[in-house]
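A short worksheet on the structure shown next.
The values are calculated or read from the model by the stated rules, or taken from the named source; none is laboratory data. From a predicted model like this one, the values you see are computed outputs, not experimental measurements. All Cβ positions, even for glycine, are placed from backbone atoms using ideal geometry, and neighbour counts span all protein chains on display. All accessible areas refer to the heavy atoms of the entire protein, side chains included, with ligands and DNA or RNA removed. Shrake-Rupley method; radii C 1.70, N 1.55, O 1.52, S 1.80 Å.
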Amino acid sequence: MTSIITGISHPYWTQLGNKARAARTAMGKSQSQIALATGLSVREYACLESGFVPPDVHDALRHTDLDLFDYALNWPLGTARARVTEALNAAAHPATPPPVLHDGPLATLDRSTYPKSAWVRLGKAVSTARTSEGLTRNQLAYALKSSSKTILRLEAGRVYGDPRTAPPGDYNSERYMLRRLTRLEMFLGWQTGWAREILEGRNEATVSPAA
């Protein structure tokens, strides 16, 4: 009987991802080899091991045959299913209450460099600059080597330092976005560093800092 993951939220892939990474490393195999054996893309498998699973990867993982992990990682049949069961139990009976999002000193769990209000401020500036230039979200996404959904979440300020602090299925990684600020500035015609200035509240521009 094929075993399919059907109801696990993305923060709880960590249990399986950690065990898979340890087993893969011990075997001396690459992520691409395990990805091929489990029917995942390299990106999807890499996300699983990292614990940072965006919604599109979550959808792919939740339909993955768990037995394929057992075969690929030389685990006894049923091991992957047990890992998922442990994670589901942990999700159903959390040891601590979920974190509360706020703009004061961030909880250790969040791991954010900037508070939510900073990303909302940048998102509004990006949205205004993009529309004033007559650009679509798809065009901006292409420039950032990302997706239109990622741009939509960026413009809405939905960027978080940890997936556990984000609403289910609504996660943009802060680390992912920070690496793309330079490319964002180039595409919108901003000077280098303007995006961080907006994040830090040192530039209140709504169209672009040049306006």
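All told, residue 158 meets the bar of being among the basic types (Lys, Arg), in contact with an Asp or Glu (Cβ under 7 Å, 6 or more places away or on another chain) and either touching a residue at least 12 places away in the same chain (Cβ under 8 Å) or open to solvent by less than 30 Å² (accessible area, probe 1.4 Å) (or both). For segment 165-211, a tally of residues being in a loop (DSSP other than H, G, I, E, B), among the acidic types (Asp, Glu) and at pLDDT 85 or above returns 1.
How about segment 43-70: which of its residues are under 14 Å from residue 19 (Cα atoms) and surrounded by fewer than 17 Cβ atoms within 10 Å (Cβ to Cβ)? Scanning segment 43-70 gives a single hit, 50.
Of all the numbered requirements in (1) open to solvent by less than 60 Å² (accessible area, probe 1.4 Å); (2) in contact with an Asp or Glu (Cβ under 8 Å, 6 or more places away or on another chain); (3) in contact (Cβ under 8 Å) with a residue 24 or more places away in the chain, residue 194 misses one, and that requirement is (3).
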